[in-house]
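Step one of this worksheet: look at the structure below.
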Amino acid sequence: MKRLRVPGLIDLFEVSDPKEIQALARDPHLDRRFEGATCPINWLLLKRSLAALSFGGRHFPTMMPRDCAQRELKQQELWNTLSGKAALIRTGPDELESLSNWVRGLGTDEELGILVQQLLGRLFASQFVATQESWRAAKILVAAPRSKNLPKMLWWLVSGKVRRAKRLLAGMVNEDLSAVNAIGIAAHNVVKSFRRMRLLYADVEVRLGLSAEAAAEQCLFAPVSVYRQATAVGQLDGCPYARKSLFVLSIGEASQHADGRSLIFMDDSWSRCPANVWVPAMLQGVWKRACVSAGPIEAKVQL
């Protein structure tokens, strides 16, 4: 755990060790109840994320605090809905044909983004249709909270580019912010999953040796990082932290370690991703369909 502290200016912890992140995720003093009266740089970081990950005066579910009853209820309802769809999508139904073709090598990276956004959008709105414009909006939205290109971010703020991107995406899913998060933020992690899956599939030896479950496991990716703020003084392994200290939990890096895989979906915490059952099932379904749909050349190699 690395601390960057300049009194009156910044008090930030960067954490990439899986065990430390897991301990902090269990710490009742760390929350998403972000408060403004804090160090200037801490607040600038939080303000940028909160501004990007909100719409119509409401924060995205991923920025809502632990003790918010509405967040907890909707999170559980969405988990129930998505988990209920897992068994069917794990079989590789027809709706996964386009993605399975992409895994087999048919299609561009830009097309992949649209395909992923289409699949996720239909989970929330039956008439959802992803387009190049909606995928561009998703790329703007995901960059807004964390990009290090400050001049570009300032221009986006002044020009209203992020606001327009959110308005477009929200309008496609009846302003359901869980859906906006799915098609605008989480979709990028799924895109990374399919890029990895395409590489696995292209290696015939690897493909023949992987079950759908093993392939899906190798293709899971977490967000790069998440923010937490201390609501009271505390400590981790003898390292003290102050009230309102800001924590950057680098779950993307930590989850690639064997002892950090549960961090992909924050499985053991109050902020568990509602799609932690559905996403692996969907990846298994795409892998199965891609393997079954192998073309004549691929089939000959497998024989």
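The values are calculated or read from the model by the stated rules, or taken from the named source; none is laboratory data. Keep in mind that this is a model prediction, so the values were computed, not measured. Quick reminder, even Gly has a Cβ in these numbers, built from the backbone with ideal geometry, and neighbours come from all protein chains shown. Areas reflect the complete protein model, heavy atoms only, side chains present, ligands, DNA and RNA absent. Shrake-Rupley method; radii C 1.70, N 1.55, O 1.52, S 1.80 Å.
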Look at Glu20 and say whether it is open to solvent by 60 Å² or more (accessible area, probe 1.4 Å) and either at positive phi or touching a residue at least 40 places away in the same chain (Cβ under 8 Å) (or both).
no
Residue in segment 40-58 that is over 30 Å from Ala138 (Cα atoms) and surrounded by 15 or more Cβ atoms within 10 Å (Cβ to Cβ) present:
no
Could you grab the pairs with beta carbons closer than 8 Å, sequence gap of 6+ or different chains, first residue in segment 134-163 and at negative phi and open to solvent by less than 90 Å² (accessible area, probe 1.4 Å), second one part of a helix (DSSP H, G or I) and charged (D, E, K, R)?
Trp135/Glu110; Ala137/Arg164; Ala137/Lys166; Ile140/Lys161; Leu141/Lys166; Ala144/Arg48; Pro145/Arg48; Met153/Arg48
Taking interchain pairs and intrachain pairs at least six residues apart, which have beta carbon atoms under 9 angstrom, with the first residue in segment 31-54 and more than 18 Å from Leu177 (Cβ to Cβ) and at pLDDT below 90 and the second surrounded by 14 or more Cβ atoms within 10 Å (Cβ to Cβ) and polar (S, T, N, Q)?
Glu35/Gln229; Glu35/Thr231; Thr38/Gln229; Thr38/Ser245
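A quick yes/no check of all residues on (1) at pLDDT 95 or above; (2) in contact with a strand residue (DSSP E or B) (Cβ under 8 Å, 6 or more places away or on another chain); (3) over 22 Å from Ile183 (Cα atoms):
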{"residue": "Ala214", "(1), (2), (3)": "yes, no, yes"}
{"residue": "Leu220", "(1), (2), (3)": "yes, no, no"}
{"residue": "Ala230", "(1), (2), (3)": "yes, yes, yes"}
{"residue": "Val233", "(1), (2), (3)": "yes, yes, yes"}
{"residue": "Leu246", "(1), (2), (3)": "yes, yes, yes"}
{"residue": "Asp268", "(1), (2), (3)": "no, no, yes"}
{"residue": "Pro274", "(1), (2), (3)": "yes, no, no"}
{"residue": "Met282", "(1), (2), (3)": "yes, no, no"}
{"residue": "Trp287", "(1), (2), (3)": "yes, no, no"}
On the basis of being touching a residue at least 40 places away in the same chain (Cβ under 8 Å), surrounded by fewer than 20 Cβ atoms within 10 Å (Cβ to Cβ) and within 17 Å of the chain's Cα centre (by Cα), does Phe124 make the cut?
yes
Subset of segment 20-40 [touching a Phe, Trp or Tyr at 6+ places or on another chain (Cβ under 7 Å) and farther than 11 Å from Gln229 by Cβ]:
Leu24
With the structure loaded, tell me whether Glu72 is closer than 21 Å to Ile251 by Cβ and open to solvent by 40 Å² or more (accessible area, probe 1.4 Å) or whether it fails that test.
yes
Would you check which residues across segment 164-184 are within 22 Å of Ala275 (Cβ to Cβ) and either free of Cβ contacts under 8 Å to residues at least 24 places away in the same chain or hydroxyl-bearing (Ser, Thr, Tyr) (or both) and list them?
Ser178
Would you call Ala202 more than 21 Å from Ala281 (Cβ to Cβ) and modelled with pLDDT of 95 or more?
yes
